[in-house]
Each structure stands twice: as C-alpha cells, then as structure tokens.
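The block underneath contains the structure these notes are about, expressed in structure tokens.
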Amino acid sequence: MTAKQDVLAVLLGHKPARVPWTIHSGLLHPGTLEREMRNAGMRIAEKSVSAYLSVAPNVLIEERQTWEGNTKTFFITHCTPVGELHSRKIIGPDGSTWTQEYPVKNADDLRALEFITNDTAYYPNYAAITAAQKHLGEDGIVVSRMLRSPLQRLLIEWMGIEGVAFAFADFPDEMERILRCMTAADEMALQITAQSPAEIVWSAENITATITTPKLFARYCLPYYNYCAATLHARHKWYGVHMDGQLAALKNAVAQTDLDFVEAFTPPPMGDFHLVEAQSAWRDKVIWANFPGSVFHSSDQAVVEYALNLLETGLTGGRFMLTFAEDIPDMERSLRLVAQAIARYEEQHR
C-alpha cells in the first residue's frame, strides 16, 4: 500500500500495511528531516486547502500595522452599513497570530456580524483541491478545510471565550439569532464542499469540554456536525473535526455524532480521556490521535515507551491513526524518537 492508501484503509475499516502516522503539513517543512520521516513511513496531511473561497463585497476591511513593544501589531476594522467592528492582533513569540481584542463586544456589534454573514458569498475553489492532491500524490492525504461551526467561530474568531459567556447571559436572544443566521449562511459553503473533488473534509473546531461544555455541545455542535456529515456522506466523503482538548465530559455527546473521525484526540497527560476509553465509547469512529507534546520533555526511553504503549493500545483497540497536529518541542529529536518506536512496533508485529 502507498502512504495515502494506508490512511484510506483505516477510514474504510481495513487493516493498513504499515503503522498509519501523519503530520500536519504546516508543521514539517520540506527538507532533510521531512525526507527522512517520509522514508520512515510518515504521511503528510495537507489541511490548509479549502474547496471554496469567500467574498463579502459590501464589507470594507481596513488593516493598519504598527510596531509596539517589539511586537508587530495589526489593527483591523470591518466596515459595514450597520456599524464597524474593531479588533487587534499581534504576532506572538512563536510566530503565530494572537488575538488581543475580538471584533464583537456587544449586542450592537452582532448586527454588523449578521450583515457580514449574510453578505458573504462562497465560490468553488476546486482547482486548489485538485492541485493539492496532484502535488501530494501518494505521499499522504489532502484533508479539505471547512468552516468551523458557528459556536466555535464565535469563540475563536469573533468574540472570544469571555465575550461569548457574557453575551449568552446578557443578550441571549441576539446570540440565538446570530447562531441561526450563521448556520443558514454556511449552507452554501457546505454544498460547494460536498460537490468538490475532496475525499476527506475537516473542521478545525478545537473542541475542549472546559469551554464547549456538554450542554453547549449538544445544543449547537451536535446537530451542526450531523447535518454536515449527512450532506457529505451523501457525496461519499468522510467528515471529522479537530478535538484536541479535555474530552472526558463529552464522551457520550461525541458518541451521538455521525463524525467519521475525531482528529487530534489527545490522550493523557495533556488530555483527560484515555485512548482505550475513547475507542470503547466511539467504536464507529476513527481516532486520529495527536501525540501529547508534553511527553517529549521526558527522557528518550520514556518517549519511546509511551509511543509503543500508545500504538499497542490504539492499533489493538480499533480504527486508529497517529498524528502530529500541534507544535512540538525539538522537532528533530521528537520525530526521530517516535519513528524509532514505530519501527520497533512494526518489527515486533510482522
């Protein structure tokens, strides 16, 4: 089997030829280490491409950049006929973008967000999917990125955790209205994705029960996921979401979803839900488990032993793949230790 065929085999419920392990393409750049890891069996998961492009033609977005306290800062304004939204982002010490001020801060701002939502149109971006698939070939799998669910977009992109919490308490009717509006507007993006050349579709939800509680998950995430899954399944596509947080409290809720895979599931010591329990609770789903980054702060022997135990549990217990979906310390050491563990596992199970 090729690297791509191994990943598809797991999704189909078949046995792969080799241990299926992947890395987000954005984490491992082309070069010596990337070539070495691919030769060791690592598959590339290209998760940055989307089946659609979006345009809000009646929204003016202005951006001003400054240098403040040794930090590059972005001041962003969304200008709409019903009001302006102001936000601020910085480039963090790790090179990623951090939001310091979210655009939506009150009920009036939700009117502007509703305008943006209704004004946004989606157009097919199928050539990008096809090009990514051709470029990657059999070295991995293209996982087409789709919108986050409306609740997660409010939490991550528009309002922040505190903003959403206070908004549900202070103006719940307006919150329900914007969530309904966003859900309806997502239909266009979903249909375009369903008709695209993508084989696998993924939403970067970043689910953790400490923020998206079981009650919120059941009301806003579960029906959204199941509708998306039904639409995508009708076009013979797999659908999953990125759940990298504390998931023990969501065990039963996730079991009720029609997701094909839970991507970035993180077992202890960073997560609070053991892999064996997850496989027992989610028998109809592939668990695409993220290797906990904190383990790499242990000794070489401890890292290899943890990896071997994770592989033994995962590959014995059900449909399982290993991935690196988050930043990890000392990339060369970390990946080589896991590659060593995988080689040992494959030798022991020939």
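The values are calculated or read from the model by the stated rules, or taken from the named source; none is laboratory data. If you're wondering where the values come from, they're calculated on a predicted model, not measured in any experiment. Note that we place each Cβ from the backbone using ideal geometry, even for glycine, and neighbour counts take in every protein chain shown.
In the set VAL286, VAL303, which member is under 24 Å from THR213 (Cα atoms) and assigned by TED's automatic domain parsing to the domain that holds GLY13?
On the way: VAL303 fails: under 24 Å from THR213 (Cα atoms).
Only one candidate passes the filter, namely VAL286.
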Self-check item: Filtered residue count, the range 91-130, keeping only those that are outside any strand (DSSP E or B) and either surrounded by 13 or more Cβ atoms within 10 Å (Cβ to Cβ) or modelled with pLDDT of 95 or more (or both)
Solution: 25
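Tell me, which residue of the range 200-216 that is touching a strand residue (DSSP E or B) at 6+ places or on another chain (Cβ under 9 Å) and not aliphatic (A, V, I, L, M) is nearest to TRP238 (Cα to Cα)? It would help to see each step written out before you state the result.
Looking only at the range 200-216, we keep the residues that are touching a strand residue (DSSP E or B) at 6+ places or on another chain (Cβ under 9 Å), and these are 200-207.
So of that shortlist, the ones also not aliphatic (A, V, I, L, M) come out as 202-203, 205-206.
On the way: TRP202: 8, SER203: 12, GLU205: 16, ASN206: 19 Å.
Per the stated criteria, the residue is TRP202.
Counting only residues that are closer than 22 Å to ALA264 by Cα and either more than 22 Å from the chain's Cα centre (by Cα) or small (Gly, Ala, Ser) (or both), which one in the range 35-59 is surrounded by the fewest Cβ atoms within 10 Å (Cβ to Cβ)?
Going through the range 35-59, the residues closer than 22 Å to ALA264 by Cα turn out to be 37-38, 40-51.
Subsequent filtering for residues that are either more than 22 Å from the chain's Cα centre (by Cα) or small (Gly, Ala, Ser) (or both) retains 37-38, 40-41, 45, 48, 50-51.
Numbers: MET37: 22, ARG38: 17, ALA40: 16, GLY41: 17, ALA45: 27, SER48: 14, SER50: 21, ALA51: 23.
Checking each candidate, the answer is SER48.
For the range 299-341, which positions are at positive phi and of a type in the set (Phe, Trp, Tyr)?
none
Okay, residues lined up against (1) farther than 19 Å from THR120 by Cα; (2) under 20 Å from the mean Cα position of the chain (by Cα):
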position	(1), (2)
ASP139	yes, no
LEU151	no, yes
GLY160	yes, yes
ASN206	yes, yes
Quiz item: Of all the residues that make up the range 261-295, how many are of a type in the set (D, E, K, R) and over 18 Å from the mean Cα position of the chain (by Cα)?
Solution: 4
Practice problem: Would you check if there is a residue in the range 190-199 being crowded, with 21+ Cβ neighbours inside 10 Å and either touching a Gly at 6+ places or on another chain (Cβ under 7 Å) or part of a strand (DSSP E or B) (or both)? | Solution: no
